[in-house]
Amino acid sequence: MRTLQLPTGGEMPVIGLGTWRMGEDERSRAAEVKAVREAIALGYRLFDTAEMYGEGGAETVLGQAIGEALRSGDVRREALFVVSKVYPHNASRRGTREACERSLQRLGLETIDLYLLHWRGNHPLHDTVAAMQSLVADGRIAHWGVSNFDTDDMEELMQCVGNGPPCAANQVYLSLGERGPEFSLLPWQCERGIPLMAYSPIDQGALAHDHGLAELARQLGVTAAQLALAAVIARPGVVAIPKAVRSAHLKENLAAAALQLDATTLAELDRLHSLPTRKMPLAMI
Ligand code: NAP
């Protein structure tokens, strides 16, 4: 699969698997672990989670699936890229480090590949960045970044980085239905080589039922969800992390990474879901 270079070295596949809503109900645990195992077997290598999802439950599901896959030799640890996030209320200098240790424990890993501040909170950014950089220095995380940061937040973040490792990614809501970040945030990140991770890239499933998209997708011999994903990752500097547990969805979404959209299709997508003509506040789910 195509990958994006991180400004801090290493690379990230353009399609990964989201895990929000996993780990919330013990009765669904076995099916969720099975879905993540299937994802690994299919070839997913990027996984997105957070301490918030199921209050640690999603990290536990992901950790169990990864542990099983590693033990059975389905995948090597070095091939995986695991992303997790700290709650803003935990993101003090000390709290970030403690939250990271708890996440590592639940994931059953020695290192988190990319650790993000989930959204801006009340702790000074300087403190969170210092904690993130110390976690990199200690090898507990390989890269750090942020989520739900708009252009002005990113500008402010740049003032906190100093000589330590820089921000490796910003994860925001970006889909055909929510194109706000394409106006100024994405160009800003592209200029600095900071990848944008698009969350809710299928608008939480809604784009799979979008009539205009479905008709265009039918003409191309793909599904509406695949077209929605291909459109998002066609933007330079963007990776997408759709969440799925159904086997058909896992397969469809992974295959979308290989779709090439021509100029006519991209123009038709712009007609169906237009770019904003002015800066919009960053949307959050
Ligand atoms: P999403 O990925 O846009 O949509 C997920 C929903 O779409 C699920 O109900 C899924 O169903 C369905 N779906 C997946 N593939 C499909 C397909 N090919 N056809 C039809 N339906 C399909 O929404 P999301 O879960 O909100 O976002 C993705 C990930 O981004 C999250 O899981 C999370 O990791 C991350 N996220 C981050 C933030 C943040 O603040 N940083 C916020 C929101 C989300 P099934 O599960 O039944 O297969």
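The values are calculated or read from the model by the stated rules, or taken from the named source; none is laboratory data. The structure displayed is predicted, hence computed values, not measured ones. Counting neighbours? That spans all protein chains shown, and the Cβs are built from the backbone with ideal geometry, glycine included. Areas reflect the complete protein model, heavy atoms only, side chains present, ligands, DNA and RNA absent. Shrake-Rupley method; radii C 1.70, N 1.55, O 1.52, S 1.80 Å.
Quick notes on this one:
- Relative contact order (percent, whole number), the chain, Cα cutoff 8 Å, 6+ residue spacing: 19
- Dipole magnitude for the chain: about 400 debye, using +1 per Lys or Arg Cβ and -1 per Asp or Glu Cβ, origin at the Cα centre.
- Over 17 Å [Cα-Cα, the range 170-285], rounded percent: 52
- Solvent-accessible surface (1.4 angstrom probe) belonging to Ser103, in square angstrom, nearest 10: 0
- Anisotropy class of the range 196-241 from Cα gyration tensor, a/c 1.5 cut: oblate
- For the range 1-151, the alpha carbon positions stretch 41, 35, 29 Å along the principal axes, listed from largest to smallest.
- Each Lys or Arg adds one and each Asp or Glu subtracts one; over the other residues with Cβ under 15 Å from the Cβ of Arg218, this totals -4.
- Descending semi-axes in Å of the range 1-62, equivalent ellipsoid built from Cα gyration tensor: 24, 14, 7
- The range 246-283-the range 191-242 distance, computed between alpha-carbon centres (Å): 3
- Per residue accessible area in Å² of the chain, where ligands, DNA and RNA are left out and the probe is 1.4 Å: 43
- Using the Cα coordinates of the range 74-163, the gyration tensor eigenvalues translate into equivalent-ellipsoid semi-axes of 23, 14, 12 Å, sorted from longest to shortest.
- Where the Cα pairs of the range 111-196 fall when distances are cut into 5 Å bins, in %: 3, 14, 26, 25, 18, 9, 4, 1, 0
- Percent accessible area from carbon and sulfur atoms, the chain, protein chains only, probe 1.4 Å: 50
- Rg then Dmax, both in Å and based on the Cα atoms of the chain: 18.1, 54.
- Potential lengthening between Ser247 and His89 on full extension [0.36 nm per residue; Cα-Cα distance subtracted]: 53.3 nm
- Radius of gyration over Kirkwood radius for the range 39-124, both on Cα atoms: the Rg/Rh ratio is 1.00.
- P(r) tail fraction, the range 168-222 - alpha-carbon pairs more than 14 Å apart, %: 59
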